[in-house]
Each structure stands twice: as C-alpha cells, then as structure tokens.
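Just below is one structure, and these are the notes that go with it.
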Amino acid sequence: MTRILVIEDDPIIGEMLTLYLNEEQFTVQRVETARDGFQALFSFAPDVILLDLILPDAQGPELCAEFRRQTDLPLIVISMKTAVADRIQAISAGADDYLVKPFSMQELKVRIGAVLRRSQAASAPRRLQEAETSAGQAESTGITLDLERRTLLRDGKSVETTFSEYEIMKLFVEHPGKVYTREELINAVRGIDSFVNDRAIDVHVTNLRRKLEDNPKQPQYIKTVWGVGYKFVR
C-alpha cells in the first residue's frame, strides 16, 4: 500500500487530506512541522511527500530544497500561493509538482499517481537495461548514469540532481541526438496530467548545464535547438 507523508499544519486541511487519502486506500501519516517531517522520512518511510511550504518552524523554497537534499522521493508542494513565480521557485528547489489550495481531491489523487509512475518507471528492469546501454554509448562525454542509485555521473564523479533534473538527463542519455520539445520534456518528467510549464523546463536545463558543462554559456552537451527545444550531444 502506498504511503503518503502529509506535512501540513492547518488542522482542517490536514484532517481533510488524511481522511480522503485513507478512503482511497493510501497509508497516511500527518505531521505539522518540518522537524517532524524530516524525522518521518526515516520512521514512516513514505512513498510520496505532500509538503506545505508555510510551517511553524520553516517556510519557503528553502524548505523544499532541504527536503530534496534529504531524499529523492516524489515531492508535491501544496500551497496557498498562486503566483507563477512561486511555482517556479518550488519546482526549481526540487518539487516534482505544485498544487494550489483549495484543490480537487480527485486531482490530487491523479497527481500522486503521476509522480509515482515517473518514480517507479525509473527502476523498471526494461528501462534499466535500455538506459545502461545508452549510458555506455554516452561514455565519450564522461556523462553516465548509475540506475540502481539514481545518480548522474560526470567523469566518474556523482553530480547532485533533483528528481526532475535526473529524469530529463536520463531521457537525454537514452536518446542522444534526439531533439525534444519543451512539451515532450514536460510530459516525460511529470506526465500530461501534472502542472509544470516551459519556464520550469528551461530552469532545469540551465541548472543541468551549470552542473555538467565546462562553460554553461557555450554548452557542449545539452544544446538548444532554437524554436524547438533541446538535445543531448555525445
């Protein structure tokens, strides 16, 4: 049974989420502080995290970034903030999805399913075999993937990535030379039923270039195809 960690200090919203998710056959633990949330990562061992970014002991994108440093589990932000800038900040900090309160419980269930599909697909045996083959083809660039540890490597050294950055890079390495539109990257990372926009993809690519390229302003590996999208060059 899928385990959901709800980190939400509002008692009404927290109770509503807990009741609904229990009815949908999820196992749920709810906590009200960031500190308790970090502890629950180990004591509860969730499959998905629902995170409110305004908690009594921490708030903002930095909170999201700290959870991402602690785990690569699918992370969905639930927030009252509606501005596009807030969404971009959260996703750039490591969130895999963003829901604005109040939201449909059915939509929440769909988005949980979407992030789980992306996470589970990463460890599927067939995908593992394909990615290992493609990773070997990409060795000329020094960029490889360790699928078992979900780690991106540059010249044998681990490169820290968010969940979404890793998924984008895995897609690139599996299909070197293929041009991907931003819409295709959105769908590959999160699924068509989950929120993310073109700007967020650009942010992820910019971050990957900073981590992988010798000169991010003149990228050698992750190329922009003007008017279309991006491609990975070995």
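Values quoted throughout were computed directly from the atomic coordinates according to the rules given, and no laboratory measurement underlies them. Note that the structure is a prediction, hence the values are computed from the model and not measured. Cβ sites come from the backbone with ideal geometry, for glycine too, and all protein chains shown count toward neighbours.
Quick look at the numbers
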item: Extended-chain gain in nm, criterion 0.36 nm per residue less alpha-carbon gap, Thr71 and Glu15; result: 17.7 nm
item: Sorted largest first, extent of the chain alpha carbons per principal axis (Å); result: 53, 36, 29
item: Debye, to nearest 20: dipole size of the chain, +1 on Lys, Arg Cβ, -1 on Asp, Glu Cβ; result: 860
item: Glu148-Met1 FRET efficiency (beta carbon distance; Förster radius 25 Å; 0.05 resolution); result: 0.55
item: Placed amide H near Ile78: partners under 5 Å, 5+ positions off or other chain; result: Leu51, Asp52, Leu53, Leu99
item: Backbone N under 20 Å from the Glu62 label point (7 Å along Cα→Cβ), restricted to the stretch 74-115; result: 77-81, 85-95
item: Surrounding net charge for Gln25, when Lys and Arg each add one and Asp and Glu each subtract one, Cβ distance under 12 Å; result: 0
item: In sequence order, calculated HN-Hα J values of the stretch 52-63 (Karplus, 6.51, -1.76, 1.60; Hz; x Gly/Pro); result: 7, 8, 10, 10, x, 10, 5, 6, x, x, 4, 5
item: Virtual spin-label span in nm between Phe103 and Thr224, 7 Å along Cα→Cβ; result: 3.0
item: DSSP loop GluC sites (Glu not before Pro) with at most 11 other Cβ within 10 Å excluded, longest remaining stretch of the chain; result: 1-147
